[in-house]
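The block underneath contains the structure these notes are about, expressed in structure tokens.
Readers should treat all values here as calculations from the given coordinates under stated rules, not as data from a laboratory. In this text, all values refer to a predicted model and were calculated from it rather than measured experimentally. Note that we place each Cβ from the backbone using ideal geometry, even for glycine, and neighbour counts take in every protein chain shown.
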Amino acid sequence: MKMDKNLQKYIIDHSSPEDPVLEELYRETHIRFVNPNMLTGYIQGKFLEFLSKMITPETIIEIGTFTGYSAICLARGLKPGGKLYTIEINDELHEFSKSYFRKAGVESKIIQFTGRAQDIIPGLDQNFDLAYIDGDKREYTEYYNIIIRKMKPKGYIIADNVLWGDKVLDSNTRDPQTRGIIEFNEMIKEQRDIEKVILPVRDGIMVIRKI
């Protein structure tokens, strides 16, 4: 969501600072990669870290590693011995994100997969306390339907970009990414076995709790 720059600065000035490793990752992602805005930002990353630390999950599943910013934030809330399983479709990002997991001191907590989440998740033996969805927007509903079966009771699912630059307000859109988000939001709205709330953080974050 668009935010007044002065208000954004105020929020940053009154929040815990971004640590040097994440700051370096943010800069290098913007220098080296196309579509750097896919990266989780500082305030959103801090929000994810806070949620993870409050939930203290034993297991986390993430769809959409990109360069690893969100995985680092989420991994910091794991219980001792806990693991984060992160999936990225682009194999060219594997070693880059791994290098930052090492720098951040969370490499031993993170297990990386390359491929489609729909193919990988059903083969995992683990059930999850926390899930983070930030992959292909056209496939959000598919991701959810696979993940919800793997969630522990009272587990949390976090979905990013659910406001999609306010484009979700255009119900007549033919853009496939926007349609994917709209269909996901409407599907979640009708679910009765979960609690859910949309927060206007960055591009919209939905927090879902399995009852």
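Summing Cβ point charges (Lys, Arg +1; Asp, Glu -1) relative to the Cα centre of segment 85-211 gives a dipole of roughly 460 debye.
Using only alpha-carbon positions in segment 1-77, the gyration tensor eigenvalues give semi-axes of 21, 18, 11 Å once each is multiplied by 5 and square-rooted (largest first). Stretching the chain fully between residue 152 and residue 27 yields a gain of 41.4 nm (0.36 nm per residue, less the alpha carbon separation).
Placing unit charges on each Cβ (+1 for Lys and Arg, -1 for Asp and Glu) gives the chain a dipole about its Cα centre, and among 54, 100, 198 the Cα reaching farthest toward its positive end belongs to 54.
Kirkwood hydrodynamic radius of segment 148-211, from the reciprocal of the average inverse Cα-Cα distance over all distinct pairs: 12.3 Å. For the chain, taking Cα atoms only, Rg and Dmax work out to 16.4, 48 Å respectively. Residue separation of residue 7 and residue 50 scaled by 0.36 nm, minus their Cα-Cα distance, works out to 13.4 nm of gained length.
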